[in-house]
């Protein structure tokens, strides 16, 4: 067997996109709670929520583009190429999930 094993540190890339999704979710809920508790205007609260959502989407997009542009490590052989492909598609899934699950929340009433 001439191929090297994939280093365990590279497996963290599988969780990177959904980690950003999780951070964005927590930040959106925290900002919403703070804005409602301090009676921010609907416009400024919604603007803040949009900025947090766009920051999360941009972070995932930056990871996605960086990973998609990078070539798989040839020293890792076929397992490395497979992991690279899976990470790219996981980042795409995280981007779509962030857009579909957190985007519609901006259309709801800000504070009830």
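So that you can scan it fast, the table gives a plain yes or no per residue for (1) modelled with pLDDT of 90 or more; (2) under 30 Å from residue 82 (Cα atoms); (3) more than 10 Å from the chain's Cα centre (by Cα):
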{"residue": "11", "(1), (2), (3)": "no, yes, yes"}
{"residue": "15", "(1), (2), (3)": "yes, yes, no"}
{"residue": "27", "(1), (2), (3)": "yes, no, yes"}
{"residue": "34", "(1), (2), (3)": "yes, no, yes"}
{"residue": "48", "(1), (2), (3)": "yes, no, yes"}
{"residue": "56", "(1), (2), (3)": "yes, yes, no"}
{"residue": "71", "(1), (2), (3)": "no, yes, yes"}
Could you tell me which numbered condition residue 82 fails, if it satisfies all but one of (1) over 30 Å from residue 112 (Cα atoms); (2) at pLDDT 90 or above? (2)
Check residue 94 against each of (1) touching a helix residue (DSSP H, G or I) at 6+ places or on another chain (Cβ under 9 Å); (2) over 30 Å from residue 6 (Cβ atoms) and name the one condition it does not meet. (2)
Among what's in the stretch 75-93 and is in contact (Cβ under 8 Å) with a residue 24 or more places away in the chain and either within 11 Å of residue 17 (Cβ to Cβ) or in contact with a strand residue (DSSP E or B) (Cβ under 6 Å, 6 or more places away or on another chain) (or both), pick the residue that is surrounded by the fewest Cβ atoms within 10 Å (Cβ to Cβ). 93
When only residues in the stretch 94-104 that are part of a helix (DSSP H, G or I) and surrounded by fewer than 14 Cβ atoms within 10 Å (Cβ to Cβ) count, which is modelled with the lowest pLDDT? 104
Tally up the residues in the stretch 37-74 that are surrounded by 12 or more Cβ atoms within 10 Å (Cβ to Cβ), in a helix (DSSP H, G or I) and touching a helix residue (DSSP H, G or I) at 6+ places or on another chain (Cβ under 8 Å), please. 17
Looking at (1) closer than 30 Å to residue 111 by Cβ; (2) part of a helix (DSSP H, G or I); (3) more than 17 Å from the chain's Cα centre (by Cα), can you tell me which one residue 77 breaks? (1)
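The values are calculated or read from the model by the stated rules, or taken from the named source; none is laboratory data. Owing to the predicted nature of the structure, the values given are computational and were not obtained by experimental measurement. Reconstructed Cβ throughout: ideal geometry from the backbone, glycine too, with neighbour counts over all protein chains shown.
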